[in-house]
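The values are calculated or read from the model by the stated rules, or taken from the named source; none is laboratory data. Remember, predicted model here, so these are calculated numbers, not experimental data. Using ideal geometry, Cβ is built from the backbone for each residue, glycine included, and neighbour counts are taken over all protein chains shown. Just the protein is used for accessible areas: all its heavy atoms, side chains included, with ligands, DNA and RNA removed. Shrake-Rupley method; radii C 1.70, N 1.55, O 1.52, S 1.80 Å.
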Amino acid sequence: MLDGDMTSHHGMNQLSLSSPSEWQFYAKGNANAIYRYEGDEEQLRGKVLRLRLHKPSVNYASTEEIFAFARDKCEVHFPNNCIRSELVNLDVGFISRLGKDGFRLLTSEKFGILMDDILDGDYSTHELSKHCKLHVQHKCGLEAGRVASVILELKPKWLYDNCHNYCRNCSLGQQRNFDRHFCPLDLISKNTLIRGVDDLLSRVPSHIADFTSENCQFKLRSLLYNYLLEPENVFQKLKNLQRLEDDGDRICNIRRLEDISDALLFAMTMRDVGVFMKFEKLITEESDFVQLECMFRESDSTVLDDKEPYAVTISLYDFDLKLREKFEYWKKTDMTIREYYDSYNSKWPFCAKG
């Protein structure tokens, strides 16, 4: 439940959460855990709460710092694509009373980040690989069983003009002994888009794969391909924001902590951003004018497939502030994967070169 609104030191009304029993653990990554709201407060329905996992203090950025960094430095580049969020106060003992599944939260935190739940609704989730999930929602009523919307969730990681056999993403995947899924660089080059889309959708489970084919009622394959042809799509924007102008900012050229620039830290944030891509048919048997107007207003663009318009909505997350103290880890990783850049692996096709 909500306590009375409080005024934060930013001079804004700030919510205060007081009932941990109303929040259900949903998912976690390397640094954060996500809880879904399961209570009756209208103001909190369709929301998730993002909390910090326990970390050594040297690797810790506070929730307040992360929120301010995302708002002031990152969201300005994606004014219409950031998940709506706000900083909320947590009552004393709130975190310690939350349910946990074999992990520790940072109990000293006084704040959380309240966010819109992009997956609010009856979605079935399919994990395609470590950095890629597929979420599918089906219709009810007259069109029961037909696909209503599809959300692709992925982290494109490093996007740049590659000059080796394997890019940084695929080299790291080989070093960690992952099974190959898709190369993110294929999604930013017209010459490799078909391969990229085919690889991305190759892991869709066979029992639901019909909606990725060319002759079904929801042609995800062509919708994704058509979106990626747009010159201002989200992956092209991320590539531009990851670009470093000064060679001295490259990880391999850093010699000491003090040499790490704000430009490099920002680029490292952009290399870890998550993307939700929602595809939704605009015109159905149950559509009405108000619904269509709302979908047009909230979508980033429309994609035509066989003259049917689909709304495409892009939502970004994980604008996490990177700390200079991670420099040694970055450099060690950079050195470890170098041997893979110009190697040969029969299970991994060569990456696109820019």
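From the list Arg203, Arg180, the lone residue that is more than 21 Å from Tyr344 (Cβ to Cβ) and part of a loop (DSSP other than H, G, I, E, B) is Arg203.
Considering region 237-254, and only residues there that are under 23 Å from Pro79 (Cβ atoms) and among the aliphatic types (A, V, I, L, M), the residue that is most open to solvent (accessible area, probe 1.4 Å) turns out to be Leu241. Taking first residues from region 314-343 that are in contact (Cβ under 8 Å) with a residue 12 or more places away in the chain and partners that are basic (Lys, Arg) and assigned to a strand (DSSP E or B), the Cβ contacts under 8 Å between residues at least 6 apart in sequence or on separate chains come to Ile314/Lys278; Ser315/Lys278.
Against the criterion of being closer than 22 Å to Leu185 by Cα and either of a type outside the set (Phe, Trp, Tyr) or at pLDDT below 85 (or both), Thr313 qualifies. When you look at Asp40, is it farther than 15 Å from Lys322 by Cα, open to solvent by 20 Å² or more (accessible area, probe 1.4 Å) and either touching an Asp or Glu at 6+ places or on another chain (Cβ under 6 Å) or without any contact (Cβ under 8 Å) to a residue 40 or more places away in the chain (or both), yes or no? Spelling it out, Asp40 is indeed farther than 15 Å from Lys322 by Cα, open to solvent by 20 Å² or more (accessible area, probe 1.4 Å) and either touching an Asp or Glu at 6+ places or on another chain (Cβ under 6 Å) or without any contact (Cβ under 8 Å) to a residue 40 or more places away in the chain (or both). Residue selection: Lys155 satisfies the criterion of being within 20 Å of the chain's Cα centre (by Cα), at pLDDT 95 or above, under 25 Å from Arg243 (Cβ atoms) and open to solvent by 10 Å² or more (accessible area, probe 1.4 Å). From the list Ser189, Ser96, which one is more than 26 Å from Arg243 (Cβ to Cβ), of a type in the set (S, T, N, Q) and either open to solvent by 20 Å² or more (accessible area, probe 1.4 Å) or at pLDDT 95 or above (or both)? Result of the check over Ser189, Ser96: Ser96. For Glu293, state whether it is modelled with pLDDT under 85 and either of a type outside the set (Ser, Thr, Tyr) or within 23 Å of Leu185 (Cα to Cα) (or both). So Glu293 passes the test.
The residue that is surrounded by the most Cβ atoms within 10 Å (Cβ to Cβ), counting only those in region 48-90 that are without any contact (Cβ under 8 Å) to a residue 40 or more places away in the chain and among the hydroxyl-bearing types (Ser, Thr, Tyr), is Ser85. The set of residues in region 20-36 being open to solvent by 20 Å² or more (accessible area, probe 1.4 Å) and either free of Cβ contacts under 8 Å to residues at least 40 places away in the same chain or not aliphatic (A, V, I, L, M) (or both) consists of Ser21, Glu22, Gln24, Phe25, Tyr26, Ala27, Lys28, Gly29, Asn30, Ile34, Arg36. In this entry, Val234 passes the filter for residues that are out of contact with any Lys or Arg (no Cβ under 9 Å at 6 or more places or on another chain), at pLDDT 95 or above and either open to solvent by less than 60 Å² (accessible area, probe 1.4 Å) or not β-branched (Val, Ile, Thr) (or both). Keeping to region 307-354, report how many residues are within 30 Å of Phe69 (Cβ to Cβ), of a type in the set (Asp, Glu) and out of contact with any strand residue (DSSP E or B) (no Cβ under 9 Å at 6 or more places or on another chain). Residues meeting the conditions: 3.
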